[in-house]
Amino acid sequence: MKIRKIFNRISILRQERGFSRKELAERIGVNFQTVGYLEREEYNPSLDLAFRISECFGVPINLIFSTEPLKPLSQELLERKKREEE
């Protein structure tokens, strides 16, 4: 079975929060190199790790991870707002 690529916004969220890769790694309990692999989308996180990342940033998993390329977060939020208004 082919492993699907998981796209993510980890780098953007980490930079917004002012975390270094090492700081994020310490917060989620992994090696700092793992954060680099995740950000470059060279490694798919386990479900547990995805939840830890989500909890660290205080953002739902589906805004961080996707099986399809992600739109800019600002565009995603505008589209959600429009759907809610309809």
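Any residue at all in the range 27-37 that is without any contact (Cβ under 8 Å) to a residue 24 or more places away in the chain, in contact with a Leu (Cβ under 8 Å, 6 or more places away or on another chain) and crowded, with 17+ Cβ neighbours inside 10 Å? Yes: the range 27-37 contains one or more residues that are without any contact (Cβ under 8 Å) to a residue 24 or more places away in the chain, in contact with a Leu (Cβ under 8 Å, 6 or more places away or on another chain) and crowded, with 17+ Cβ neighbours inside 10 Å.
Taking residues in the range 53-71 that are in contact (Cβ under 8 Å) with a residue 24 or more places away in the chain, and partners anywhere that are surrounded by 15 or more Cβ atoms within 10 Å (Cβ to Cβ) and among the polar types (S, T, N, Q), the pairs with Cβ atoms closer than 8 Å and at least 6 places apart or on different chains are Ile64/Asn8; Ile64/Ser54; Phe65/Asn8; Ser66/Asn8; Leu70/Asn8.
Any chance you could count how many residues in the range 38-47 are hydrophobic (A, V, I, L, M, F, W, C) and buried (at least 18 other Cβ atoms within 10 Å of the Cβ)?
The first filter runs over the range 38-47 and keeps only residues hydrophobic (A, V, I, L, M, F, W, C), leaving 38, 47.
Remaining after also requiring buried (at least 18 other Cβ atoms within 10 Å of the Cβ): 38.
Number satisfying all stated conditions: 1.
Residues in the range 48-76 that are loosely packed, with under 12 Cβ neighbours inside 10 Å and at pLDDT below 90: Pro72, Ser74, Gln75.
Taking the criterion of being farther than 18 Å from Ile61 by Cβ and of a type in the set (S, T, N, Q), the residues of the range 11-51 that qualify are Gln15, Ser20, Asn31, Gln33.
The values are calculated or read from the model by the stated rules, or taken from the named source; none is laboratory data. Because the structure is predicted, anything quoted here is derived from the model rather than measured. Don't worry about glycine lacking a Cβ; one is built from the backbone with ideal geometry, like all the others, and counts go over all protein chains shown.
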